[in-house]
1. Any residue that is in contact with a helix residue (DSSP H, G or I) (Cβ under 7 Å, 6 or more places away or on another chain), without any contact (Cβ under 8 Å) to a residue 60 or more places away in the chain and in a strand (DSSP E or B) - is there at least one of those in segment 55-69?
2. Is one or more of the residues making up segment 159-175 over 16 Å from the mean Cα position of the chain (by Cα) and open to solvent by less than 20 Å² (accessible area, probe 1.4 Å)?
3. In the set Val114, Val103, which member is in contact with a Pro (Cβ under 9 Å, 6 or more places away or on another chain), of a type in the set (Val, Ile, Thr) and free of Cβ contacts under 8 Å to residues at least 60 places away in the same chain?
4. Kindly check whether there is at least one residue in segment 136-158 that is assigned to a loop (DSSP other than H, G, I, E, B), within 16 Å of the chain's Cα centre (by Cα) and surrounded by fewer than 17 Cβ atoms within 10 Å (Cβ to Cβ).
5. What is the one condition in (1) more than 28 Å from Arg31 (Cα to Cα); (2) among the hydrophobic types (A, V, I, L, M, F, W, C); (3) open to solvent by 30 Å² or more (accessible area, probe 1.4 Å) that Ile183 does not satisfy?
6. If I ask for residues that are of a type in the set (S, T, N, Q) and surrounded by 15 or more Cβ atoms within 10 Å (Cβ to Cβ), which ones from segment 50-75 would you list?
7. Can you tell me which residue within segment 186-199, out of those that are open to solvent by 30 Å² or more (accessible area, probe 1.4 Å) and over 17 Å from the mean Cα position of the chain (by Cα), is modelled with the lowest pLDDT?
8. Name the single residue, out of those in segment 98-134 being within 20 Å of Ile190 (Cβ to Cβ) and basic (Lys, Arg), that is least open to solvent (accessible area, probe 1.4 Å).
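The values are calculated or read from the model by the stated rules, or taken from the named source; none is laboratory data. Fair warning: this is a prediction, and the values are worked out from it, not measured in the lab. Positions of Cβ are backbone-derived with ideal geometry, glycine not excepted, and every protein chain shown enters the neighbour counts. What goes into the accessible areas is simple: the full protein's heavy atoms, side chains included, and nothing from ligands, DNA or RNA. Shrake-Rupley method; radii C 1.70, N 1.55, O 1.52, S 1.80 Å.
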Amino acid sequence: MLWGGSRVLALANKKVCAGLSGRRGLVERARRFRERIGGRPVLLFHCASAGELEALKPIAAEFNRERIALAVSYFSPSAQTALRDDTEFDFADFSPIDSAAHVRSYFEAIQPSVIAITKHDVWPNFAWTARDLDIPLFLINGNFPVASARLRPGARGFHAAVYSAFREIMAVSDEDAERARRIVGDGVKIVAVGDARFD
């Protein structure tokens, strides 16, 4: 329904149109990247848009790029404005459409060793496919506001099924960590480590 609705919305919304057109050829671009880096392991980050991508940069800067390749996927075209040059990440492109088939094809092309999602742009098939392919999945800079829909009784069960795919949830505060526990219980390791953009 989301895929079909977005195609209709793209007729009137330039941002949605840019997002759909930007995803054409994504799997082939990911495959070429994988071939270019050879056997280096890939750490795949995922974010929603420009602000979240900025929060990834202090983390990305800590890695030895000769030993590991850094890739980032983003949902919104606005993230492209936060990519200052082609040295911050080895690969930066749109995230796949969130269907099991699209996500699996993307993961099989890029072959990530680890995936880290920042903030809150958690898509069900993205998370479940990572789990099914046994790719360690982490949530970093995790925020769970008091008014979050994820905490509502009618939605909590669904979000528990999604967030249970994570190996670990790293929340921005003790309060956010506690709210994350209200969603997933004790099945996922949850720690409070701060927000990488500010801390």
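1. Yes; the residues of segment 55-69 include at least one that is in contact with a helix residue (DSSP H, G or I) (Cβ under 7 Å, 6 or more places away or on another chain), without any contact (Cβ under 8 Å) to a residue 60 or more places away in the chain and in a strand (DSSP E or B).
2. Looking for residues that are over 16 Å from the mean Cα position of the chain (by Cα) and open to solvent by less than 20 Å² (accessible area, probe 1.4 Å), one finds none in segment 159-175, hence no.
3. Criteria check complete, one pass: Val103.
4. Looking for residues that are assigned to a loop (DSSP other than H, G, I, E, B), within 16 Å of the chain's Cα centre (by Cα) and surrounded by fewer than 17 Cβ atoms within 10 Å (Cβ to Cβ), one finds at least one in segment 136-158, hence yes.
5. Ile183 satisfies every listed condition except (3).
6. Of segment 50-75, the ones of a type in the set (S, T, N, Q) are 64, 73.
Answer for segment 50-75, where residues must be of a type in the set (S, T, N, Q) and surrounded by 15 or more Cβ atoms within 10 Å (Cβ to Cβ): just Ser73.
7. Within segment 186-199, the match that is modelled with the lowest pLDDT is Asp199.
8. Lys119
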